[in-house]
Amino acid sequence: MEYKIAIIGLGYVGLPLAVEFGKKFNVIGFDIDINRITELQTGYDRTLEVEAEHLAAATNLTFSSNKSDLVEANIYIVTVPTPIDRHKQPDLTPLVKASQMLGEVIAQGDIVVYESTVYPGATEEVCIPELERVSGLEFNRDFFAGYSPERINPGDKEHRVTNILKVTSGSTPEIADKVDALYKSVITAGTFKASSIRVAEAAKVIENTQRDVNIALINELSIIFNKLNIDTLEVLEAAGTKWNFLPFRPGLVGGHCIGVDPYYLTHKAESVGYHPEMILAGRRLNDGMGAYVVSQLVKRMMKKRIQVEGSNVLVMGLTFKENCPDLRNTKVVDIISELSEYNIHADIYDPWCSNEEAEREYGLSVVKSPQKDYYDGIILAVGHNEFKQLGVETIRNFGKASHVLYDLKYILPKDDVDMRL
């Protein structure tokens with residue numbers, strides 16, 4: 001069988017995958033964002049995950065926002081977002097719409113592989129019925145499915161799609177073999193073939209749930225150590241001398257995975273009558289860190305006799321992680337929202353952030369450069385390299401003669417800041 005692959009969704013997950021497959025197979029990169037397609041056709045990736053030379057190297061890759069072009073494919077890989085709604089429930093709308101669209105184009109013998117993070121069972125309970133309903137085809141007779149969870153780490157130039165081991169699965173043993181072989185052809189790190197689609201879905205959703213719970217533990221420890229007047233990082237460095245101590249750090253837990261995936265698992269657990277305790281406790285703790293940070297800042301400002309109401313605070317960093325333009329589910333917005341509750345004005349400075357995207361997603365503006373001798377408080381919220389290069393003297397110069405410098409990311413030495421998380 002000669003494969004023609006269509007990648008549905010060209011974000012942080014879909015584009016790197018399309019580029020790698022485009023070096024070996026005929027690939028259609030599809031996205032409903034026409035501007036995104038236009039940019040990619042000119043060799044520019046706004047996510048900064050794929051450089052222009054790598055785009056050019058994918059000689060068999062074409063881009064389109066026209067669904068009629070998808071009819072030519074026989075393998076469809078779905079990499080659309082799976083966010084949560086304001087009630088912290090899974091929002092499968094993008095996945096359902098993608099499945100409905102593919103139902104209009106799939107044909108006899110085609111394979112649809114999902115990579116989007118979901119709860120166990122979602123592929124077969126939500127997506128497949130939409131494919132069947134729209135196409136009129138029968139699952140596992142006329143068309144087939146697979147699930148291979150994405151493991152992209154935005155901004156990470158060391159762990160890329162080809163050198164991260166890939167979990168694969170298929171709706172029949174034969175399809176599982178085909179899906180596994182397809183990914184193995186481009187994933188140099190190799191593959192792990194799960195026994196079923198549900199196992200592969202569950203494996204993905206617990207990867208980030210495990211990290212979320214671990215970070216929640218460290219966040220709680222940092223709160224305890226703060227009350228005991230002990231530096232959290234010094235404790236973690238001491239404990240880290242034991243070979244099996246896990247090197248987690250306290251902080252804001254945002255992004256498209258760690259802050260979202262646990263809610264997919266808890267939703268499914270509750271649907272079968274089990275109320276998760278530890279997972280939801282970790283989520284509550286991590287979701288409350290923005291408010292905790294601001295409460296600590298305000299207390300320190302008051303100790304320094306700085307007028308809190310009407311004060312100005314510089315928030316350095318808005319993206320959900322360092323050296324990456326990704327704003328999805330960033331928890332820095334929780335800090336900004338909480339500052340407004342105290343009638344504190346926040347200036348946001350982030351050299352990685354698109355002001356247009358910040359306005360569109362959160363209604364926030366990003367300053368081009370901070371003012372000097374202006375701020376009553378400075379929060380180092382994201383560990384961008386640019387902030388590290390500024391150094392403490394330059395950062396301190398943004399503040400008034402009396403101000404509070406709060407380092408959430410351990411960018412500066414302990415003695416150079418007023419507070420650390």
Original post:
If a residue has to be free of Cβ contacts under 8 Å to residues at least 40 places away in the same chain and touching a strand residue (DSSP E or B) at 6+ places or on another chain (Cβ under 6 Å) to count, how many in the range 384-399 make the cut?
Top reply: 0
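Yes or no, residue by residue, for (1) under 23 Å from Ala200 (Cβ atoms); (2) surrounded by fewer than 23 Cβ atoms within 10 Å (Cβ to Cβ); (3) under 20 Å from the mean Cα position of the chain (by Cα):
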{"position": "Ile75", "(1), (2), (3)": "yes, yes, no"}
{"position": "His87", "(1), (2), (3)": "no, yes, yes"}
{"position": "Asp91", "(1), (2), (3)": "yes, yes, yes"}
{"position": "Lys97", "(1), (2), (3)": "yes, yes, no"}
{"position": "Glu115", "(1), (2), (3)": "yes, no, yes"}
{"position": "Tyr119", "(1), (2), (3)": "yes, no, yes"}
{"position": "Pro129", "(1), (2), (3)": "yes, yes, no"}
**OP:** Would you tally the residues in the range 131-155 being open to solvent by 20 Å² or more (accessible area, probe 1.4 Å), part of a loop (DSSP other than H, G, I, E, B) and charged (D, E, K, R)?
**Re:** 3
**OP:** Say whether the condition of being under 30 Å from Gly259 (Cβ atoms) and either in contact with an Asp or Glu (Cβ under 7 Å, 6 or more places away or on another chain) or at pLDDT 95 or above (or both) is met by at least one residue in the range 132-144.
**Re:** no
Subject >> Any hit, the range 111-120, residues being farther than 23 Å from Ile258 by Cβ and of a type in the set (Asp, Glu) >> reply: no
Subject >> Output for the range 230-263, where each listed residue is hydroxyl-bearing (Ser, Thr, Tyr), open to solvent by less than 80 Å² (accessible area, probe 1.4 Å) and more than 25 Å from Pro325 (Cβ to Cβ) >> reply: Thr232
Original post:
Hey, which of the strands (runs of 3 or more DSSP E) in the range 29-119, taking only ones fully inside, have at least 3 residues that are under 21 Å from Ile197 (Cα atoms)?
Top reply: 75-78, 111-114
**OP:** For the range 160-171, indicate whether the set of residues that are more than 25 Å from the chain's Cα centre (by Cα), in contact (Cβ under 8 Å) with a residue 24 or more places away in the chain and more than 30 Å from Gly259 (Cα to Cα) is non-empty.
**Re:** no
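From the list Thr188, Thr209, which residue is polar (S, T, N, Q) and in contact with a Pro (Cβ under 7 Å, 6 or more places away or on another chain)?
The conditions single out Thr209.
Please determine, by comparing only the residues of the range 388-421 that are charged (D, E, K, R) and closer than 17 Å to Asp350 by Cα, which one is most open to solvent (accessible area, probe 1.4 Å).
It comes out as Lys388.
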**OP:** Considering only the range 193-227, state which residues are hydrophobic (A, V, I, L, M, F, W, C) and under 23 Å from the mean Cα position of the chain (by Cα).
**Re:** Ile197, Val199, Ala200, Ala202, Ala203, Val205, Ile206, Val213, Ile215, Ala216, Leu217, Ile218
**OP:** Select from the range 350-381 the residues that are touching a Ser or Thr at 6+ places or on another chain (Cβ under 8 Å) and assigned to a loop (DSSP other than H, G, I, E, B) and write down the one among them that is nearest to Glu393 (Cα to Cα).
**Re:** Asp350
Original post:
Does Thr59 satisfy the condition of being at pLDDT 95 or above and open to solvent by 30 Å² or more (accessible area, probe 1.4 Å)?
Top reply: no
Original post:
Which helices (runs of 4 or more DSSP H) does the range 189-289 wholly contain that include 1 or more residues that are in contact with a Leu (Cβ under 6 Å, 6 or more places away or on another chain) and touching a residue at least 60 places away in the same chain (Cβ under 8 Å)?
Top reply: 197-227
Subject >> Options Leu233, Leu217; residue that is in contact with a Phe, Trp or Tyr (Cβ under 6 Å, 6 or more places away or on another chain) and farther than 30 Å from Ala18 by Cα >> reply: Leu233
**OP:** Keeping to the range 360-387, report how many residues are under 26 Å from the mean Cα position of the chain (by Cα) and open to solvent by 80 Å² or more (accessible area, probe 1.4 Å).
**Re:** 3
Original post:
Quick one: how many residues across the range 270-305 are open to solvent by 20 Å² or more (accessible area, probe 1.4 Å) and in contact with an Asp or Glu (Cβ under 7 Å, 6 or more places away or on another chain)?
Top reply: 3
Original post:
Which ones in the range 1-30 are closer than 18 Å to Pro94 by Cα and in contact with a Gly (Cβ under 6 Å, 6 or more places away or on another chain)?
Top reply: Ile7, Leu10
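Tell me, yes or no, whether the range 347-355 has at least one residue that is open to solvent by 60 Å² or more (accessible area, probe 1.4 Å) and touching a Pro at 6+ places or on another chain (Cβ under 6 Å).
Yes: the range 347-355 contains one or more residues that are open to solvent by 60 Å² or more (accessible area, probe 1.4 Å) and touching a Pro at 6+ places or on another chain (Cβ under 6 Å).
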**OP:** State whether one or more residues within the range 294-314 are small (Gly, Ala, Ser), under 27 Å from the mean Cα position of the chain (by Cα) and at pLDDT 95 or above.
**Re:** yes
**OP:** Take the range 165-213 and flag every residue that is open to solvent by 40 Å² or more (accessible area, probe 1.4 Å) and hydrophobic (A, V, I, L, M, F, W, C).
**Re:** Leu165, Ala181, Ala189, Phe192, Val199, Ile206
**OP:** Among the residues of the range 24-38, write down those that are out of contact with any Leu (no Cβ under 7 Å at 6 or more places or on another chain) and surrounded by 16 or more Cβ atoms within 10 Å (Cβ to Cβ).
**Re:** Phe25, Asn26, Ile32, Ile37
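The values are calculated or read from the model by the stated rules, or taken from the named source; none is laboratory data. Worth saying up front: this structure is predicted, and the values here are computed from it rather than measured. All Cβ positions, glycine included, derive from the backbone under ideal geometry; neighbour counts span all protein chains shown. With ligands, DNA and RNA removed, areas are computed over all heavy atoms of the protein, side chains included. Shrake-Rupley method; radii C 1.70, N 1.55, O 1.52, S 1.80 Å.
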